[in-house]
Amino acid sequence: MDNSTVNLRVKSGAVQYRPLALTPGQDLTGYVLSKLGKAILFLMTCSSVFAVLLIFFFVIRESLIFFRDQGLWASVSTNAWYPKSEDPRYGMLALLAGSVYVTLAALAFSVPLGVMAAVFLSDLVSFKVRAVVKPVIEILAAIPSVAYGFFAVMVMAPWMQDHWHFSTGTNALNAAIILSIMALPTIISVAEDSVSSLGRELREASYALGATRFETLFKVVIPAAHSGIIAAIILGMMRAIGETMVVWMASGNASQIPSPWWDLSQSVRTMTATIAGEMGETEHGSIHYGALFAVGVYLLVITLGLNLISEFFLARAKKALGKA
Amino acid sequence: MKMLKIGLLLVFMVLAQSVSAETLQIDGSTTVGPIAEAFAEYFKSIYPDLEISVKKTGSGDGAKALGDGMCDIAAMSRFMKLNEFKKCADKGIMPVAHVVAMDGICIIVHPSNPVKALTTQQVQDIYLGKITNWSQVGGPNLAVVAVSRDTSSGTYETFHELVMKKKDIADKVEYVNANPQAHARVSGNRGAIAYVGLGFVDAKVKSLTIDGVVPSKRTIVSGVYPIARPLFLFTNGYPKLGSMVHRFVTFQLTEVGQELVEAKKFVPVTDY
């Protein structure tokens, strides 16, 4: 029985015996191939790093023409954005303000909602409900932003005009509300991860000391998870500040700083919307073209800064968990 | 061996040349681009051997390409500037203009707005931010929401030139990046005003009489309506009669050409 199987295998040639000692040639090929394989995998891994570096390189290179002409600070200190005028001016203050307005207003809605939802999902709700609710929230992240924009223009805008008597429905508030919905999945899922990964011990210790559920959540759980929650907020903020299509459709794109400053019912224009709206038709190599890239540089600096801050807090959250 | 390769390459190049002997290169305005593309598509369907390319770079780039001999037809949303003409002439190229269509721009408001007519000056004042309430032009006490096309569009260019007289639009004016969006903003806001091509006006918005002239195909083509401009195709000299270039730049005079121009929401120069 044993014999026949071995014979069969050998006959069919399915089994190849590899000698234990390699010839120098085989040894060399093996060595080269393993190094080569490693190198290829390394290059593949690096490709995304290269992509980031290339983006930085090209955005900065294309913006140089603008910075050489206008200087670094002149453009961000004035707010007249008239690139196509007889006397072109490239004041970016209003665009910067537009991005800040829309982003901060979006956070004002999405942070309380998102953090409360995260705590609810991790601490209060039964496993069955959570299994349904969490995927549904994550679907929000999968809806294309044009669909949100369409909703903002066709549903939200007329509604605001009719019910709140705003003179224009496409305004900072409209964009902020839509952006806050778009930032929610990010905030909820990162915050929920950090809240639920705190573990039972902390909560049980709190209950053992006689704390109520409310006290446990607000005085123990949320403070303990604050690093992860801050990281979640910053990630949501980056989602909001980088979003383009929705703000282009919903914010009205008037390059003004609202006056009075708290009036969110006025139309604003963000940095991303300006780039998206004007890049297509701008003459390559012109100052206007450089100015759009300069807006991109400022955006990159802002998002890079936010990213570093969120990395810092995520790392701290991990460290804190490691100790606990 | 090397010689053989070069020889083969040369043969291929000659062959490629002879196969695509009939080529038509069109370059220029993004406004005229859609018309040129529609014409090109139709030409491809009736002349399958014709190689035709339409680039949409901008009127200035089109003029430059014609002067450099890089294209057969330059599409332009404005007439060639003296400087551009000189540059072409220096290179032995004589630009000749063919009007392909008219671009007429209507000022539209919400149908419920009782204002029926404005002057060009009043429209300018609205976009300059001097008029902020409809009561200033005989309408209800309602804030004016002025909507403009994005500054890179040809429609904006026309408006900026013919209505604004190249003055800067006020910073509170909102921007949208397509004619249908401008239409949607006006049909959904009782205080809104915007401008769109004649082809985009329907029952959901009301187009205003400007300087006493109702915008229509007839008033636009005849030049009575103030916010209209011709769109051009420029060729090097008048093309040889019956050549492909000639057929292309006179195609708007045919019935199919007229339909294609209308389908792209411009005003045709003919009226069959």
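The values are calculated or read from the model by the stated rules, or taken from the named source; none is laboratory data. Not measured: the values here are computed from a predicted model. No Cβ is skipped: glycine too gets one built from the backbone with ideal geometry, and neighbour counts run over all protein chains shown. The protein model used for the area step is the full one, side chains on, heavy atoms only, and it has no ligands, DNA or RNA in it. Shrake-Rupley method; radii C 1.70, N 1.55, O 1.52, S 1.80 Å.
A few comments on the model shown:
- Loop trypsin sites (Lys or Arg not before Pro), segment B:188-272 (other Cβ atoms within 10 Å of the site Cβ: 12 or fewer; DSSP): B:K240
- Mean accessible surface per residue for the protein assembly as shown, computed with a 1.4 Å probe while every protein chain stays in place, in Å²: 52 Å²
- Burial of 50 Å² or greater, segment A:157-172 residues [accessible area, probe 1.4 Å, versus chain by itself]: A:Q161, A:S167
- Relative to the 2.2 N^0.38 Å rule of thumb, segment B:104-222 has a C-alpha radius of gyration ratio of 0.95.
- What the Cα convex hull of the protein assembly as shown gives, in volume per residue, is 320 Å³.
- Taken about its Cα centre, chain B carries a charge dipole of about 440 debye when Lys and Arg each add +1 at the Cβ and Asp and Glu each add -1 at the Cβ.
- Cβ charges +1 (Lys, Arg) and -1 (Asp, Glu), total dipole of segment B:118-272, debye: 20 debye
- Per residue, the convex hull spanned by the Cα atoms of segment A:152-252 amounts to 110 cubic angstrom.
- Rounded to the nearest 20, the size of the Cβ-charge dipole of the protein assembly as shown about its Cα centre is 1040 debye, with Lys and Arg at +1 and Asp and Glu at -1.
- Computed from protein heavy atoms with a 1.4 Å probe, the total accessible area buried between B and A is close to 2000 Å².
- Inter-centroid distance (Cα atoms) of segment A:250-266 relative to segment B:46-73, Å: 43 Å
- Given B:K240/B:K264; B:K130/B:K167; B:K64/B:K91; B:K81/B:K165; B:K56/B:K204; B:K81/B:K264, the pairs whose alpha carbons are separated by over 21 Å: B:K240/B:K264; B:K56/B:K204; B:K81/B:K264
- P(r) weight above 15 Å for segment A:216-284, C-alpha pairs, percent: 67 percent
- Rounded to whole Hz, the Karplus (6.51, -1.76, 1.60) HN-Hα couplings of segment B:206-216, x for glycine and proline: 10, 8, 8, 6, 10, 6, x, 10, 7, x, 7
- Of all accessible heavy-atom area on segment B:178-247, the percent that carbon and sulfur account for (1.4 Å): 59 percent
- Long hydrophobic helices in chain B: the complete DSSP H runs spanning 15 Å or more by Cα along their own axis with mean Kyte-Doolittle hydropathy of at least -0.5 are B:2-19, B:33-46.
- Segment B:164-219 and segment B:109-130: distance between their alpha carbon centers, rounded to Å: 10 Å
- Between segment A:103-135 and segment A:161-231, the alpha-carbon center distance in angstrom: 6 Å
- Positive-end residue, the protein assembly as shown charge dipole about Cα centroid, Cβ charges, pick of A:L95, A:S194, A:L304: A:S194
- Among B:V144, B:S216, B:N133 - extreme Cα towards positive end, dipole of segment B:104-222, charges at beta-carbon: B:S216
- Counting only DSSP beta bridges whose two residues both lie in segment B:104-222, roughly 55 percent are antiparallel.
- Per residue convex hull volume, Cα atoms of segment A:281-321, in Å³: 55 Å³
- Restricting the calculation to Cα atoms, segment A:41-172 shows an Rg/Rh of 1.10 when the hydrodynamic-style radius is the Kirkwood one.
- Whole-percent carbon and sulfur share, accessible surface of segment A:95-323, 1.4 Å: 72 percent
- Residues along segment B:183-218 losing 20 Å² or more of accessible surface when the other protein chains are present rather than the chain by itself (probe 1.4 Å): B:A184, B:R185, B:G188, B:N189, B:R190
- In segment A:95-323, inverting the average of 1/r over every pair of distinct C-alpha atoms gives 19.1 Å as the Kirkwood radius.
- Note on chain A: helix-only mean residue ellipticity at 222 nm, from DSSP H runs of 4+ residues weighted -39500 (n - 2.57) and normalised by residue number, equals -23000 deg cm²/dmol.
- Within chain A, the whole DSSP H helices whose Cα atoms reach 15 Å or more along their own axis and whose mean Kyte-Doolittle score is at least -0.5 are A:24-70, A:93-119, A:127-142, A:172-196, A:226-242, A:287-323.
- Eigen-decomposition of the gyration tensor built on the alpha-carbon atoms of chain B gives equivalent ellipsoid semi-axes of 43, 18, 17 angstrom, largest listed first.
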